[in-house]
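Have a look at the structure below before the remarks.
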Amino acid sequence: MPPFPAPVTALLVVDVQSAFVAGDAAVPDATRLLDRVTELIGRAREAGALVVHLQNDGPAGEPDEPGTPGWALHLPVRTGSAETVIRKSEDDGFEGTSLEAELTAAGVRALAVCGVMSEMCVLATARRALELDYRVVLPHDAHATYDIPAAPDISDVVPAAMASRVAEWALGDEVEIVARAGNVSFATVRHHENGLVGR
């Protein structure tokens with residue numbers, strides 16, 4: 001895998017919501033994650049790439065239940081012709097959403113994925129993107145998850161960093177994994193003439 005892949009024209013920011021990245025319940029090393037995701041968003045905007053923030057609608061009583069403080073996107077969004085928010089209720093950001101239509105309208109065929117959780121929504125969204133024949137770049141230091149608790153007679157605690165690496169490995173050899181967010185480059189997206197669909 002080359003350390004500096006070809007540029008992508010979209011960035012998917014998966015579930016960077018306050019419930020998961022702020023306070024006592026944040027994923028381990030949340031500060032590092034937020035720094036890397038913020039860097040990616042800034043460079044994507046500067047290049048004119050499409051930025052899509054996926055926002056999970058959790059069930060009632062969950063930390064990401066819609067309308068609760070934990071559900072809010074933690075990083076500022078600049079909604080416009082090249083940046084949008086798509087709400088979802090499944091791990092896969094394409095399932096039941098306008099994501100594929102928006103990527104198609106903008107002419108996107110290559111994208112980067114970042115956010116949480118590595119083995120759940122990041123993995124499911126990246127896998128579906130690969131199935132839909134998108135080029136997918138996954139920066140190792142820009143996705144995260146929690147430690148996996150110990151399970152009697154199965155395993156001790158699995159550290160979060162190991163869980164994230166296993167999630168990358170599970171995507172197979174089609175995904176382009178790079179060590180650092182700084183290795184991802186962006187190119188200008190072709191905006192749909194009427195703006196993004198499904199906003």
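List of remarks:
- Considering only the Cα atoms of the stretch 1-43, their convex hull presents on average a projected area of 4.0 nm².
- The stretch 133-148 - phi-based ³J(HN,Hα) in whole Hz, Karplus 6.51/-1.76/1.60, Gly and Pro as x: 6, 7, 6, 10, 10, 10, x, 4, 8, 10, 9, 7, 7, 8, 4, 8
- Modelled spin-label separation between D153 and E100, with each label point placed 7 Å from Cα along the Cα-to-Cβ direction: 4.2 nm.
- Averaging the sequence gap over all C-alpha pairs within less than 8 Å and six or more residues apart, then dividing by the number of residues, gives the chain a relative contact order of 31 percent.
- Rolling a 1.4 Å probe across the protein heavy atoms gives the chain an accessible surface of 46 Å² per residue.
- Computed over the alpha carbons of the chain, Rg followed by Dmax gives 16.0, 58 Å.
- For the pair the stretch 58-102 and the stretch 18-47, the centres of their Cα atoms are 15 angstrom apart.
- The H on the amide N of V178, modeled in the peptide plane, is under 5 Å from the matching H of L138, H140, each at least 5 residues off or on a different chain.
- Carbon-plus-sulfur accessible fraction, the chain (probe radius 1.4 Å, protein heavy atoms only): 54%.
- Theoretical gain in end-to-end length, V77 to E65 [0.36 nm per residue, Cα-Cα removed]: 2.4 nm
- Per-residue HN-Hα couplings for the stretch 7-20 [Karplus 6.51, -1.76, 1.60; θ = phi - 60°; Hz; x = Gly/Pro]: x, 10, 10, 8, 10, 9, 9, 9, 6, 7, 10, 4, 4, 9
- As a length-normalised measure over Cα pairs under 8 Å and 6 or more apart, the relative contact order of the stretch 1-67 settles at 41 percent.
- Cα-based shape type of the stretch 139-179, given that a ≥ b ≥ c are square roots of the gyration tensor eigenvalues and the cut on a/c is 1.5: oblate
- From phi via Karplus (6.51, -1.76, 1.60), per-residue ³J(HN,Hα) for the stretch 170-181 in Hz, x at Gly/Pro: 5, 7, x, 8, 7, 6, 9, 8, 10, 5, 10, 4
- Under a 5 Å amide H cut-off, with hydrogens placed 1.01 Å from N, E83 pairs with V51 among residues at least 5 apart or on other chains.
- Annotation: amide H-H contacts under 5 Å for V8 (H modelled 1.01 Å from N, sequence separation of 5 or more, or interchain): S185, F186, A187.
- I154 contributes about 140 Å² of solvent-accessible surface, heavy atoms of the protein only, 1.4 Å probe.
The values are calculated or read from the model by the stated rules, or taken from the named source; none is laboratory data. Predicted model, so just to flag it, every value in this text is computed and none were measured. Reconstructed Cβ throughout: ideal geometry from the backbone, glycine too, with neighbour counts over all protein chains shown. Remember, those area values only see protein heavy atoms, side chains included, never the ligands or the DNA or RNA. Shrake-Rupley method; radii C 1.70, N 1.55, O 1.52, S 1.80 Å.
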